[in-house]
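J.: Pasting in a structure now, in structure tokens, and then I'll have a few things to ask.
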Amino acid sequence: MLSVEAARLSVMKKRANKVKEEEETLCCCEYVNRHGERSHVAACCCDCEDLDDACDRFLKREPQKPESLSQVAAVVRDRIRVPWLWGGAHKVDLSIIPPLILLPVLLHLAAFHFLLGIVVLTALPGLVLWYYYFTHRKKGQTLFFLSLALFSLAYMYYLFVTEVLPHGDIGLVQLSVVTVGVVLTLVALVHTKREPGIVLPNPEVVHSTVTYYSPLADRDPDLHGGGQDVTMMVPNRAGSAEQSGVELKESSRRNWCPVCRVVRPPRAGHCRICGVCVLRLDHHCVWINSCVGQANHRSFLLTLVLFLLTSLYGISLVLQSVCPRQHLLTALLYCPGVYNQYSTALCFTCAWYSSIVTGGLLHLLVVQVINISYNVTEREARVALRDKTARSAYWGLVVDTGVYSRGFRGNWAEFMTMGDKLNPPSHAPTDLVALVGANKQEKCEHE
């Protein structure tokens, strides 16, 4: 009887391994859909029950189901794939597509007449800001802004090579400088995208489950009796838990992250968009679709500087080519005859678009430099202004909390060397266990 059962288990195990191997060996055009079934990119228009039902209800003038549109959108997002050599077809984020279409169309439309240029160059920043506040309110990740930034850089360089360079006013030296600037900007951006410095739990401990008696932020403390089961970490050695718990009781309670289940070091913060805790969190930058923290803050600042220098130099070359008789500082405002030819009008429009983008990033760079000079992160400045615990000047552009400032030179020295301190000393897990015990003891004493 036992031998028959063992043979049956062996056959089932072989079948499971065979199915697993078949799922792992996907061709470049195959993928596993949201239902866990194997599918092919050529079948993107097959078995569209949700879309058929929505169209049928529309033709019959029947009300749509509440979840029909969301289901159709989920099907479309799941089926738009790009063939890939390893691991099957990859899903394409739909948010990267609008900039690839809208930017060239709007810029070419604006080049027909200066009135159209005014309308387009005024509406485009407004549209971007509206989409920013729309996505920021939902606290969701999007590749729209990263796609817009990368495509703007690539498209401006493409027009520079195809439209400005043939005029003969740009030499190989100027072209080489612009090319090197674009390449260095992309390299710095890739380095910035690596990791902002995520707070990780200490793996060299033994895990145990305790109850952390503290109401969570933005939640009702009456739910579940004000307690929450969390995973804590207890080392194998004995320590002075009572003394450490008293010293770090308040700080651990304040810095405990219930989502990541870690005790955040000083100046670390939790990003609700990325869903992680980041060391010395400055802000979540939508233009790189990542947080700016202790590990990538310097490369983020370098990316801004390189982009601004390259953009300003490129704009000056374009204006010298299309408006040779005008002064560089006034060519953007007055360039007679620039709309006589479509090529020069397109170059002039792109110079205006680049100037708008450069102005926005220049403001961001100025804010970053001021905050670094006062040793304040953007997150700390926002909280301090909200709580009215900081000294501000120049309409909130300069914010000084006075907490971490060590002088101008000391602040910049700390900023330039903070990437070497990515593993700050964290609280011993026994302190948290002592914190829980201290909280229980205080409750008993009050009762």
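The values are calculated or read from the model by the stated rules, or taken from the named source; none is laboratory data. Here the structure is a predicted model, which means the values were calculated and not measured. Note that each Cβ is placed from the backbone with ideal geometry, even for glycine, and that neighbours are counted across all protein chains shown. Side chains included, ligands, DNA and RNA excluded: accessible areas come from the protein's heavy atoms. Shrake-Rupley method; radii C 1.70, N 1.55, O 1.52, S 1.80 Å.
J.: Tell me the residue from Ile370, Ile356 that is touching a strand residue (DSSP E or B) at 6+ places or on another chain (Cβ under 8 Å), part of a helix (DSSP H, G or I), of a type in the set (Val, Ile, Thr) and within 25 Å of Thr303 (Cα to Cα), please. Explain how you work it out, then say what you get.
T.: Values: Ile356 fails: touching a strand residue (DSSP E or B) at 6+ places or on another chain (Cβ under 8 Å).
Just a single option satisfies the conditions, and that option is Ile370.
Yes/no matrix, rows are residues, columns are (1) open to solvent by 20 Å² or more (accessible area, probe 1.4 Å); (2) over 28 Å from Ile118 (Cα atoms); (3) touching a residue at least 40 places away in the same chain (Cβ under 8 Å):
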| residue | (1), (2), (3) |
| --- | --- |
| Ala268 | no, yes, yes |
| Ser290 | no, yes, yes |
| Leu309 | yes, no, yes |
| Asn340 | yes, no, no |
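J.: Does Arg61 fit the bill of being without any contact (Cβ under 8 Å) to a residue 60 or more places away in the chain and touching a strand residue (DSSP E or B) at 6+ places or on another chain (Cβ under 8 Å)? Walk me through how you get there before you give the answer.
T.: Values: without any contact (Cβ under 8 Å) to a residue 60 or more places away in the chain: yes; touching a strand residue (DSSP E or B) at 6+ places or on another chain (Cβ under 8 Å): no.
It is false that Arg61 is without any contact (Cβ under 8 Å) to a residue 60 or more places away in the chain and touching a strand residue (DSSP E or B) at 6+ places or on another chain (Cβ under 8 Å).
J.: Among the residues of the range 270-328, how many are small (Gly, Ala, Ser) and under 30 Å from Trp256 (Cα atoms)?
T.: Looking only at that region, the number is 5.
J.: Of the conditions (1) buried (at least 20 other Cβ atoms within 10 Å of the Cβ); (2) touching a Leu at 6+ places or on another chain (Cβ under 8 Å); (3) not in a helix (DSSP H, G or I); (4) not basic (Lys, Arg), Leu281 clears all except one; give me its number.
T.: Answer for Leu281: the failing condition is (2).
J.: Right, next: Given Val357, Val366, which one is loosely packed, with under 15 Cβ neighbours inside 10 Å and out of contact with any His (no Cβ under 8 Å at 6 or more places or on another chain)?
T.: Being loosely packed, with under 15 Cβ neighbours inside 10 Å and out of contact with any His (no Cβ under 8 Å at 6 or more places or on another chain) holds for just one of Val357, Val366, which is Val366.
J.: Ok, one more. Across the range 75-98, which residue is least open to solvent (accessible area, probe 1.4 Å) among those that are under 22 Å from the mean Cα position of the chain (by Cα) and of a type in the set (A, V, I, L, M, F, W, C)?
T.: Val92
J.: Given the options Ala413, Ala384, name the one that is open to solvent by less than 100 Å² (accessible area, probe 1.4 Å), touching a strand residue (DSSP E or B) at 6+ places or on another chain (Cβ under 8 Å) and at pLDDT 90 or above.
T.: From the options Ala413, Ala384, the qualifying one is Ala384.
J.: Is it the case that Ala351 is open to solvent by less than 10 Å² (accessible area, probe 1.4 Å), touching a helix residue (DSSP H, G or I) at 6+ places or on another chain (Cβ under 7 Å), in a loop (DSSP other than H, G, I, E, B) and of a type outside the set (S, T, N, Q)?
T.: It is false that Ala351 is open to solvent by less than 10 Å² (accessible area, probe 1.4 Å), touching a helix residue (DSSP H, G or I) at 6+ places or on another chain (Cβ under 7 Å), in a loop (DSSP other than H, G, I, E, B) and of a type outside the set (S, T, N, Q).
J.: If you don't mind, another one. Looking at (1) within 24 Å of the chain's Cα centre (by Cα); (2) assigned to a helix (DSSP H, G or I); (3) buried (at least 17 other Cβ atoms within 10 Å of the Cβ), which is the only condition Gly314 fails?
T.: Only one criterion is unmet by Gly314, namely (1).
J.: Which pairs have Cβ atoms under 9 Å, sit 6 or more apart or on different chains, and link a residue in the range 377-398 that is over 14 Å from Val367 (Cβ atoms) to one that is open to solvent by 70 Å² or more (accessible area, probe 1.4 Å) and small (Gly, Ala, Ser)?
T.: Every condition considered, no pair remains.
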